[in-house]
Amino acid sequence: MNHALLAIAGPVATLTLNRADARNALSLELLQDLHAAVDALAPCASGGGSPHVLVVTGAGKAFCAGMDLKAVLGNSTLALELLSSLALFTVKLRALPMVVVAKVNGAAIGGGCGLSCVCDLAITHADAKLGYPEVDLGVCPAVVAPWLVRKVGAGRARKILLTGGLMSGREAHVCGMIDVLCETGAELDRVTDDVVRRLAAGGPQALAATKKLLNELDSSLDEAIVLKGAQLSASVLATPDAQARLRAKLGA
Amino acid sequence: MIKSALQGNVFEITLSRPEKRNALTPEMLADLRAAIAVIPKEARALLLSGEGAAFCAGFDLALCKDSPDGTVMRALLTGLHECIAALRVLEIPVVIAAQGAAIAGGCALLGGGDVILTNADAKLGYPVARLGVSPAVSAPFLRNLAGDGVARARELENGLIDGRAALACGLAHECLEAPEAVRSRALEVARDLASKPGHAMAATKRWLAEIAPISLAAQGLSVSLARVGSEEEKRLLPLAWSTVR
């Protein structure tokens, strides 16, 4: 079964994390499928007449519950592989010349929240749950930290990552993690469609040129920093404290 | 004028000169620096607070009156820089309870915090250029806290903003209605942070410092020090002595 679905309709492509039974948690298989989907999208985006907006969303109720850590508990090699795959995927997604919109249909947690910050725009509803509870579990959100810093600035990123826990879509909107807020989940489709329609009406080359400059300004395409983050995150994950907390949390 | 106490696993350092709105003297800054240096190992979070109605109204500029050669001003600037820099390298989270006022040097201290709380009607800002004093000493830290635009606006503009505006611009992270509620809520936040795994907290702080480093901190101090004793400062600083605190 394909864990990531790519659909293209004229100027708009949609990438759906399709692992609803696991709240779209990022497993190695899901990440492989995400890599493949974006690889398929990259060449067609450089030509004319191809999609110039990509919507990233989740199947089912959640956007993405974060890293699927259950499968890598006790295996530091696999954990590093999973975190490195996410790290490289974030840069690959960011490098797309088209505008990328996160349609955060529900929970966006840890690595899932990080994915929404990699996108150029993030839309959600007031009651969605977002955040980075990594420190609560004794782990370090090192792969997603650079993306949150770029999105909301260093000071707010410090506050968010060190306090851990979760926040509502409304709170995420106030601190700059979410750009467009709907009052209810029922409005999400319509509001996203409006935003996407506006984006799709823009000159794709002007958008791509602007995005390229923005990526250069904040060193978005620096793979070394996220890969170093993956190593750091894996090393903290390997500590007995983190393993014990995760076992308790995951019931593993 | 600096008190400190360990409460459970939260270490609280309090600016304690309420009759002067916790205006900073060179001795207070030296004591603050010393208190930061001896945070007990059991402490898993630091709470920085100010006694009374105002967190901190800035430097006690009246002291500069009796120091025409600029010794006091230099000590204040250097002490402030050292305190903020010392806060920023701590591996435990730093919570600041900034009720009432965080003005000039008091606003600068916010640059040392990870989580900053204030109240809706508090006054925050950095109106010192009108006294011929350069706030450059804290620009690197405020820029890291709230971004370049906010740092520019607060350091170059002489006005003050309220707590709601501070929350909106990222100078604060939580804004309460009642000033009296700020310190107790800040203690609650500090206790919550102290309850989290210290190893992950320290790793996350180190990583954030690596990916979003503070640029040119020493140069900021040099720029402020270079203005001490200038003709402009000699002309404008006495304005501070005529205003009632």
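Return yes when B:Arg164 is touching an Asp or Glu at 6+ places or on another chain (Cβ under 9 Å), more than 9 Å from chain A (Cβ to nearest Cβ) and in a helix (DSSP H, G or I) and no when it is not. In short, yes. Apart from one condition, A:Leu80 fits all of (1) aliphatic (A, V, I, L, M); (2) in contact (Cβ under 8 Å) with a residue 60 or more places away in the chain; (3) within 26 Å of A:Leu188 (Cα to Cα); the exception is (3).
Residues that are surrounded by 19 or more Cβ atoms within 10 Å (Cβ to Cβ), within 19 Å of the chain's Cα centre (by Cα) and free of Cβ contacts under 8 Å to residues at least 12 places away in the same chain do occur in the stretch A:155-170.
Applying the criterion of being over 30 Å from B:Trp207 (Cβ atoms) and small (Gly, Ala, Ser) to the residues of the stretch A:155-195, the residue that is nearest to the other protein chains (Cβ to nearest Cβ) is A:Gly185. When the residues of the stretch A:126-154 are filtered to those that are more than 7 Å from chain B (Cβ to nearest Cβ) and more than 16 Å from the chain's Cα centre (by Cα), the one that is surrounded by the most Cβ atoms within 10 Å (Cβ to Cβ) is A:Leu137. Checking the structure you have, find out if any residue of the stretch A:174-187 is at pLDDT 95 or above and under 14 Å from the mean Cα position of the chain (by Cα). Yes - at least one qualifying residue is present in the stretch A:174-187. The set of residues from the stretch B:192-232 being among the small types (Gly, Ala, Ser) and at positive phi comprises just one member, B:Gly229. Per this entry, B:Ser242 is not counted among residues that are in contact (Cβ under 8 Å) with a residue 12 or more places away in the chain and not aliphatic (A, V, I, L, M). Here is a check on your reading of the model: is A:Ala209 more than 25 Å from A:Val91 (Cα to Cα), of a type outside the set (Phe, Trp, Tyr) and over 20 Å from the mean Cα position of the chain (by Cα)? The answer is no for A:Ala209. Selection of strands (runs of 3 or more DSSP E) fully inside the stretch A:1-96 by the criterion of at least 3 residues being surrounded by 15 or more Cβ atoms within 10 Å (Cβ to Cβ), at pLDDT below 95 and not small (Gly, Ala, Ser) returns nothing.
Quick check on the stretch A:196-206. Is at least one of its residues buried (at least 21 other Cβ atoms within 10 Å of the Cβ), within 11 Å of chain B (Cβ to nearest Cβ) and under 24 Å from A:Lys129 (Cβ atoms)? No, the conditions are met nowhere in the stretch A:196-206. The set of residues in the stretch B:199-239 being open to solvent by 30 Å² or more (accessible area, probe 1.4 Å) and within 14 Å of chain A (Cβ to nearest Cβ) consists of B:His199, B:Arg206, B:Ala209, B:Glu210, B:Ile211, B:Pro213, B:Ile214, B:Ser215. Taken over the stretch A:128-164, the residue count meeting the criterion of being hydroxyl-bearing (Ser, Thr, Tyr) and farther than 19 Å from A:Gln231 by Cα is 1.
Conditions (1) over 24 Å from A:Asp120 (Cβ atoms); (2) in a helix (DSSP H, G or I); (3) open to solvent by 60 Å² or more (accessible area, probe 1.4 Å); (4) within 12 Å of another protein chain (Cβ to nearest Cβ), marked per residue:
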site	(1), (2), (3), (4)
A:Asn215	no, yes, no, no
A:Ser220	no, no, no, no
A:Ala230	no, yes, no, yes
A:Ala242	yes, yes, no, yes
A:Arg247	yes, yes, yes, no
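Going through (1) in contact with a helix residue (DSSP H, G or I) (Cβ under 6 Å, 6 or more places away or on another chain); (2) more than 12 Å from every other protein chain (Cβ to nearest Cβ); (3) touching a residue at least 60 places away in the same chain (Cβ under 8 Å) one by one, B:Leu80 falls short only on (3). Looking across the stretch B:175-198 at every residue that is part of a helix (DSSP H, G or I) and open to solvent by 50 Å² or more (accessible area, probe 1.4 Å), the one that is farthest from the other protein chains (Cβ to nearest Cβ) is identified as B:Glu180.
Please tell me if A:Ala62 is aliphatic (A, V, I, L, M) and out of contact with any Gly (no Cβ under 8 Å at 6 or more places or on another chain). Taking the combined requirement at face value, the residue does not satisfy it.
The values are calculated or read from the model by the stated rules, or taken from the named source; none is laboratory data. Note that the coordinates shown come from a computational prediction; the quantities given were computed from them, not determined experimentally. Here the Cβ is made from the backbone with ideal geometry for all residues, glycine too, and neighbour counts use every protein chain on show. The accessibility values were calculated without ligands, DNA or RNA, using every heavy atom of the protein model including side chains. Shrake-Rupley method; radii C 1.70, N 1.55, O 1.52, S 1.80 Å.
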